[in-house]
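A short write-up of the structure that comes next.
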Amino acid sequence: MSFGNIYNGKKVIITGHTGFKGSWLAIWLKELGAEVFGYALEPYSDMDNFVTSNLSRHMHHCIGDVRDGDKLKRYFQDIQPDFAFHLAAQPLVLLSYQDPVSTFDTNMMGTVNFFEAIRATPSVKVAVNVTTDKCYDNKEWVWGYRENDPMGGKDPYSASKGCSELITNSYFESFFKNEGTCNIGSARAGNVIGGGDWAENRIIPDYFRAVKKGQKLEIRNPYATRPWQHVLEPLSGYLALGVALYVKDKIFSGGWNFGPEDSANYSVKDLIDEILAIDSRGGYSIPEGTEKLHEAVLLKLDISKAVNLLKWKPVLDFKDTVSFTLAGYLDDLNRSNNLMSMRLKQIQLYSSKAVEKSISWALK
């Protein structure tokens, strides 16, 4: 869990810390010795990782909306952080069809407000904007998208995230390009899974909700292929990118892809079948003739840049990814007495596997 001990004793702000990835990132940063501050909306439910891990007892916790630029800026100025990770977002494709205005407002203006807060707070040395693989103009071709491929998106969520990337680049070119300014980057990850995610209209949370009710899940798009990865995979990339920006300055600015190996893209059906191979309590059906809103069938990332320049690479294969995910949800469903300790055990196990594979961030 090293990362060169860079985060130890540093002040780190996470926007969206009550969300799935944000809460896991907060737990990991706390374990790395950082003083962690969060700015986010209230958790969606009492099943969310932030709540079940009692994370509010382990970090500084501020309720706020990233669309409130003045409040966000004041929070940054009060804290005077060293690092900032922007994860606050409206993260769901289907919800973006139901509420496109809020999706664009949160994902675009939230990004603007984040960088405006950084401009007003000279203490921030490093800022990472976390977006998604769906920021790319997806042609549904068979090779992975590279960081210099065009931004785009047919649905409001994907389009808003493409815009978030364009905003990041604009702020870099306009305000953060010169020496002595904050070093900024963006991070793009695929479909992230793991214990503690109970958001609506996501395949794994929906599956475990069905398991909890003793029902079978209806899968609307069983052959859609996604770059599935356990939540700790991209988080290790975000943390490694933060270190590189802190230590090596502007040369690590720009966009970075974090995903599984090129051969590790599996369908929704493959994912559920692998879970069932380990734990047979669930099940699924594939309804016929259901009308589908547009979702990409094939989508994957080229991670060559991160592998070669950051010396980052995935730790888990597909079976390990599913095993880690299942273990996290079983901890949720069993309501483990100390879920925070269970999350830390997964981080420790993940880090030990990274050491075994001689991955750079785990060895320093």
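Where a number appears in this text, it was derived from the coordinates with a stated rule and is not lab data. Quantities reported herein were computed from a predicted structural model and do not represent experimental measurements. Cβ: placed from backbone, ideal geometry, glycine included. Neighbour counts: every protein chain shown.
Counting pairs of Cα atoms in region 146-241, how many percent are more than 15 Å apart? Everything past 15 Å amounts to 74 percent. The C-alpha atoms of the chain define a longest principal axis, and helix 110-119 lies at about 30 degrees to it. A full extension of the chain between Arg209 and Ser263 corresponds to an added length of 16.5 nm, given 0.36 nm per residue minus the alpha carbon distance.
In terms of the Cα gyration tensor, with a ≥ b ≥ c the square roots of its eigenvalues, is region 50-195 rounded because a/c is under 1.5, prolate because a/b exceeds b/c, or oblate? Note, shape of region 50-195 comes out oblate. Shape of region 1-125 from the C-alpha gyration tensor: oblate (a/c of 1.5 or more and a/b not above b/c, with a ≥ b ≥ c the square roots of its eigenvalues). In order along region 251-268, phi translates into HN-Hα couplings of 5, 9, 5, x, x, 9, 8, 10, x, x, 4, 4, 8, 9, 9, 10, 7, 4 Hz, rounded to whole numbers, per the Karplus curve 6.51 cos²θ - 1.76 cosθ + 1.60 with θ = phi - 60° and x for Gly and Pro. Exposure proxy for Ser164, Ser174: other Cβ atoms within 10 Å of each Cβ, ordered fewest to most, give Ser174, Ser164. Ignoring aspartates and glutamates fewer than eight residues from Lys161 along the same chain, the ones with Cα atoms less than 13 angstrom from its Cα are Asp105, Asp133, Asp137.
How about region 163-268: which GluC sites (Glu not before Pro) there lie in a loop by DSSP and see at most 16 other Cβ atoms within 10 Å? Don't jump to the answer; show the numbers that get you there.
Numbers: sites: Glu165, Glu173, Glu179, Glu200, Glu218, Glu261; in loops: Glu179, Glu200, Glu261.
Passing both the DSSP loop test and the Cβ count: Glu179, Glu200, Glu261.
The base-10 log of I(q)/I(0) for region 1-58, evaluated at q = 0.15, 0.22, 0.30 Å⁻¹, reads -0.40, -0.78, -1.23 [Debye formula, identical scatterers on Cα atoms, solvent excluded]. Taking amide H as placed 1.01 Å from N in the peptide plane, the amide H of Gly255 sits under 5 Å from that of Ser186, each at least 5 places away or on another chain. In this structure, the pairs whose alpha-carbon distance is over 30 Å, taken from Lys73/Lys364; Lys11/Lys250; Lys11/Lys319; Lys139/Lys319; Lys134/Lys250, are Lys73/Lys364; Lys11/Lys319. The convex hull defined by the C-alpha atoms of region 203-293 has an orientation-averaged projected area of 8.3 nm². With neighbours defined as other Cβ atoms within 10 Å of a residue's Cβ, the residues Lys305, Lys212 order from fewest to most as Lys212, Lys305. Sorting Lys21, Lys11 by the number of Cβ atoms found within 10 Å of their own Cβ, with the fewest placed first, yields Lys11, Lys21. Relative to the longest principal axis of the Cα atoms of the chain, the long axis of helix 203-213 makes an angle of roughly 50 degrees. Sorting the Cα pairs of region 236-364 by distance into bins of 10 Å, from 0 upward, gives 10, 30, 33, 21, 6, 0 percent per bin.
Given axes a ≥ b ≥ c from the Cα gyration tensor, I'd like to know whether region 3-363 is rounded (a/c under 1.5), prolate (a/b larger than b/c) or oblate. Numbers along the way, then the final one.
Numbers: a/c = 1.43, a/b = 1.30, b/c = 1.10.
Rounded, since a/c falls under 1.5.
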